[in-house]
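Scroll down for the structure; my scribbles are underneath it.
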Amino acid sequence: MRGWLAAVLACVCMSAVAAPAAPTKPVEATGLRSIAGWLKAQGAEGFLGADVADAIGIPRSADVELIAARQRGFRDEEVLRIAQVIDGDYLIFMVQGPGEVYFYLSTVREGLRKALVSIPGQEAVAPLEAAEAESNFRREVLYWEDKVKR
């Protein structure tokens with residue numbers, strides 16, 4: 001996974017395009033609270049690199065290179081999904097499929113804040129269109145809510 005993350009970090013750092021998606025209404029707030037609580041209790045220790053935090057909009061001190069996170073990940077035949085909770089409020093969902101990686105930043109209270117797609121082979125990162133971002137994000141919330149229930 002380290003190689004994958006390094007490739008994603010390189011793509012995020014090389015991109016000048018990272019405009020935020022329009023925030024959605026927090027209709028999934030209950031699900032986000034459940035997911036954040038589950039990650040805090042059941043997640044493994046992990047970290048988020050400063051360059052990724054900067055690209056997706058998580059505040060940090062200038063001297064902090066790694067931000068502590070609690071995380072879980074699952075892989076099926078073609079897709080790797082990772083969820084991280086940072087500071088108990090920020091949730092990041094990363095979805096790596098064939099040829100592209102999606103990032104969804106949300107807060108427990110406000111819902112989706114930013115959605116990006118990275119295409120590692122092209123070293124490109126772009127924001128998702130608002131409707132696609134919202135639809136994909138809701139699908140990820142449902143996926144992780146299902147994991148919480150198990």
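The values are calculated or read from the model by the stated rules, or taken from the named source; none is laboratory data. All values reported here derive from a predicted model rather than from experimental measurement. Cβ atoms come from the backbone with ideal geometry, glycine included; neighbour counts cover every protein chain shown. The area values use the complete protein model at the heavy-atom level, side chains included, leaving out ligands, DNA and RNA. Shrake-Rupley method; radii C 1.70, N 1.55, O 1.52, S 1.80 Å.
For Asp63 and Lys40, what is the calculated FRET efficiency with R₀ set at 30 Å and r taken between the beta-carbons, to the nearest 0.05?
Values: r = 25 Å, r/R0 = 0.84.
Plugging the Cβ-Cβ distance into 1/(1 + (r/R0)^6) gives 0.75.
In terms of modelled amide H atoms, which long-range or inter-chain residues lie less than 5 Å from the amide H of Leu128?
Excluding prolines and chain starts, which carry no amide H, the hits are Ala115, Leu116, Val117.
Accessible area per residue for the range 92-150 in Å², computed with a 1.4 Å probe and the full protein assembly in place, what is it? Walk me through the intermediate numbers first.
Values: 2750 Å² over 59 residues.
Roughly 47 Å² per residue, with all protein chains present.
With all protein chains present, how much of the accessible area of the range 46-150 (probe radius 1.4 Å) comes from carbon and sulfur, to the nearest whole percent? If you can, show how the numbers build up before the last one.
Numbers: 2450 of 5130 Å².
Exposed carbon and sulfur together represent 48 percent of the surface.
Which residues' amide hydrogens lie under 5 Å from the amide hydrogen of Ala69, considering only partners 5 or more residues apart or on another chain, with H built in the peptide plane?
Residues meeting the criterion, in which the H sits 1.01 Å from N, are Gly46, Phe47, Leu48.
Can you put Trp38, Trp144 in order of accessible area, largest first, using a 1.4 Å probe? It would help to have the intermediate numbers written out before the result.
Working: Trp38 35, Trp144 0 Å².
Descending accessible area places them as Trp38, Trp144.
List residues of the range 99-120, by number, whose backbone nitrogen lies under 17 Å from a label position 7 Å along Cα→C-beta of Glu77.
Backbone N within reach: 99.
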